[in-house]
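The values are calculated or read from the model by the stated rules, or taken from the named source; none is laboratory data. Worth saying up front: this structure is predicted, and the values here are computed from it rather than measured. No Cβ is skipped: glycine too gets one built from the backbone with ideal geometry, and neighbour counts run over all protein chains shown.
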Amino acid sequence: MAAPDVWIARDDGSDIIRAATVASVGRDYNGNITARLSGCDQAAVTLVADHGHDHGRTPDDFHRQLLKVISELSDGREAAIVRPVHEPDRGWRWVSERL
């Protein structure tokens, strides 16, 4: 049985990418969380833009947290989408939903 598709949404919902196409995830010099896509000539998608004082900085390991969520969802039976969310009392976190 094939693993279900896991998708990743940008913080504002303007872009959605399939997790299987992600070659790497990291934090750039501006504090943005970016995903580099495999099979594309250095194509990168900004998943979380550094909002500075508006939403606070993402945790230093936020890109690693995304990989953990993707790994856990890949073991599931249903397709899912992961998206970054900022809540004033909890800060930044990744949430997942079934599709």
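Just a few scattered comments:
- The set of residues in region 5-30 being within 15 Å of V82 (Cβ to Cβ) and assigned to a loop (DSSP other than H, G, I, E, B) consists of D5, R10, D11, D12, G13, D15.
- Restricting attention to region 74-99, the residues being under 17 Å from T21 (Cα atoms), modelled with pLDDT of 90 or more and either assigned to a strand (DSSP E or B) or touching a helix residue (DSSP H, G or I) at 6+ places or on another chain (Cβ under 8 Å) (or both) number 4.
- Tabulated pairs, region 7-31, first in contact (Cβ under 8 Å) with a residue 24 or more places away in the chain, second of a type in the set (K, R) and buried (at least 16 other Cβ atoms within 10 Å of the Cβ), C-beta under 7 angstrom, 6+ apart or interchain: A9/R83
- Number of residues in region 1-51 that are within 11 Å of the chain's Cα centre (by Cα) and aliphatic (A, V, I, L, M) equals 13.
- Among the numbered conditions (1) touching a Lys or Arg at 6+ places or on another chain (Cβ under 9 Å); (2) buried (at least 16 other Cβ atoms within 10 Å of the Cβ), the only one that A43 does not meet is (2).
- The residues in region 51-65 that are modelled with pLDDT under 75 and among the acidic types (D, E) can be counted, and the count is 1.
- Options A9, A20; residue that is of a type in the set (A, V, I, L, M), modelled with pLDDT of 90 or more and under 23 Å from R90 (Cα atoms): A9
- Of the residues contained in region 43-52, one or more are found to be of a type outside the set (S, T, N, Q), within 19 Å of E97 (Cα to Cα) and part of a strand (DSSP E or B).
- The one condition in (1) of a type outside the set (G, A, S); (2) at pLDDT below 90; (3) in a helix (DSSP H, G or I) that K68 fails to fulfil: (2)
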